[in-house]
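Contents: one structure, followed by commentary.
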Amino acid sequence: METDNVAQLIYLVLLGCMVAGWFFVQNRQNLGKTAQQAAVWGLIFIGVIAAVGLWSDIRDNVSPQQSYIEGQATVEVPRSSDGHYYLVLEIDGTPVEFVVDTGASDVVLTKADAENIGIDVENLFFGDIANTANGEVRTARVKLKNVRLGDITDLTVRASVNEGEMEKSLLGMSYLQRYHRIEISAGKLILQR
């Protein structure tokens, strides 16, 4: 433990002792009840500390994340609680979250995601038409220079920017077909090159 951490710990212990001492002095007529309440608050405090300390383990169970298996060019994506599979790809150095959509023929970016990766959305020509579950939408064709998932890097990936409103960018078949194995099994999407 570093010197600063030790000093902070000593300060917190002294502060806690002062607060506890004041609490007992103020409630000295009912020490039994005061001790009982202090024990309850102490257990609550210990529970919170334990939850904070175990959060990384709990988070993986509550909201599992994608993982990359090195040496096998394999990505495993757990199904989220809403039933979809989400992947975070790095596009030109910027992380973008996609919903995996095998029904989409293309990679489709929201306007916000396109702007975040440096595409000038205001000067795009939305001349293409895409048929979606919500009807026809206008799109603009773009090329993504550097798309990275784990250690897998693709150069020059075709994509579209949706002119309409979308919640998330879609990772469609134009990207997914680059993998020789796509499997959904036991609540996981497995992509392998």
Q) What's the exposure ranking of 81, 160, going from fewest to most Cβ atoms within 10 Å? A) 81, 160
Q.
Show me, for region 112-120, the HN-Hα J-couplings you get by feeding each phi into the Karplus relation (A = 6.51, B = -1.76, C = 1.60, θ = phi - 60°), rounded to Hz, glycine and proline as x.
A. 4, 5, 4, 5, 4, 8, x, 7, 7
Q. Once whole DSSP H runs in the chain are found, which of them have Cα atoms spread over 20 Å or more along the helix axis and a mean Kyte-Doolittle score of at least 0.5?
A. 3-26, 31-53
Q: Amide H neighbours of residue 132 under 5 Å, at least 5 residues apart or on other chains, H built in the peptide plane: list them.
A: 137
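Evaluate the charge dipole of the chain about its Cα centre and quote only its size in Debye, nearest 20, assuming +1 on the Cβ of each Lys and Arg and -1 on the Cβ of each Asp and Glu.
Numbers: 16 positive and 24 negative charges, 122 e Å.
For the chain, the charge dipole is close to 580 debye.
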Q) Taking the structure as given and computing volume of the Cα convex hull per residue in Å³, which label from (1) 225; (2) 141; (3) 106 fits? A) (1)
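Only loop residues by DSSP count here, and only those with at most 11 other Cβ atoms within 10 Å; note down the chymotrypsin sites (Phe, Trp or Tyr not before Pro) in region 116-193 that meet that.
Details: sites: 125, 126, 175, 179; in loops: 125, 126, 179.
Listed in order of number, the matching sites are 125.
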**Q.** Karplus 3J(HN,Hα) series, Hz, for region 152-160 with 6.51 cos²θ - 1.76 cosθ + 1.60 (x for Gly, Pro)
**A.** 8, 10, 10, 9, 6, 9, 6, 8, 10
Q: Report the residue, chosen from 161, 121, 52, that carries the largest GNM mean-square fluctuation when the chain is represented by alpha-carbon nodes joined by springs under 10 Å.
A: 52
Q. Hey, rough spin-label estimate for residue 178 and residue 27, points 7 angstrom out along Cα→Cβ, what's it come to in nanometres?
A. 6.2
Q. Between region 135-193 and region 70-120, what's the alpha-carbon centroid distance in Å?
A. 6
**Q.** Over 24 Å (Cα to Cα) - which of 111/188; 145/188; 145/168 fall in this group
**A.** 111/188; 145/188
Q) Whose amide H sits under 5 Å from the amide H of residue 160, counting only residues 5 or more places off or on another chain, with H placed in the peptide plane? A) 107, 108, 109, 142
**Q.** J(HN,Hα) series, region 175-186, from Karplus relation 6.51 cos²θ - 1.76 cosθ + 1.60, nearest Hz, glycine and proline x
**A.** 8, 4, 5, 6, 9, 7, 9, 10, 9, 10, 8, 6
**Q.** Amide H partners (placed H, <5 Å) of residue 179, local residues excluded
**A.** none
Q. When the chain is modelled as a GNM with alpha-carbon springs shorter than 10 Å, which of 35, 130, 159 fluctuates the most?
A. 35
**Q.** Separation of the residue 40 and residue 7 label points, Cα + 7 Å toward Cβ, nm
**A.** 3.9
Q | Positive-end residue, the chain charge dipole about Cα centroid, Cβ charges, pick of 117, 38, 191 | A | 38
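Divide by every residue of the chain the summed helix terms, -39500 (n - 2.57) for each DSSP H run of at least 4, and state the resulting mean residue ellipticity at 222 nm, rounded to the nearest 500 deg cm²/dmol. Please list the in-between numbers first.
Details: 5 runs with 65 residues, N = 193.
After summing the helix terms and dividing by residue count, I get -10500 deg cm²/dmol.
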Q.
Can you tell me how region 3-61 classifies by the Cα gyration tensor, rounded, prolate or oblate, using a/c under 1.5 as the rounded cut?
A. oblate
Q) So which residue, out of 119, 91, 44, gets the largest mean-square fluctuation from a GNM of the chain using Cα contacts under 10 Å as springs? A) 44
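Values in this text are rule-based calculations from the coordinates and carry no lab data. Remember, it's a predicted structure, so these values are computed and weren't measured experimentally. Neighbour counts are summed over all protein chains in view; Cβ atoms, including those assigned to glycine, are modelled from backbone coordinates with ideal geometry.
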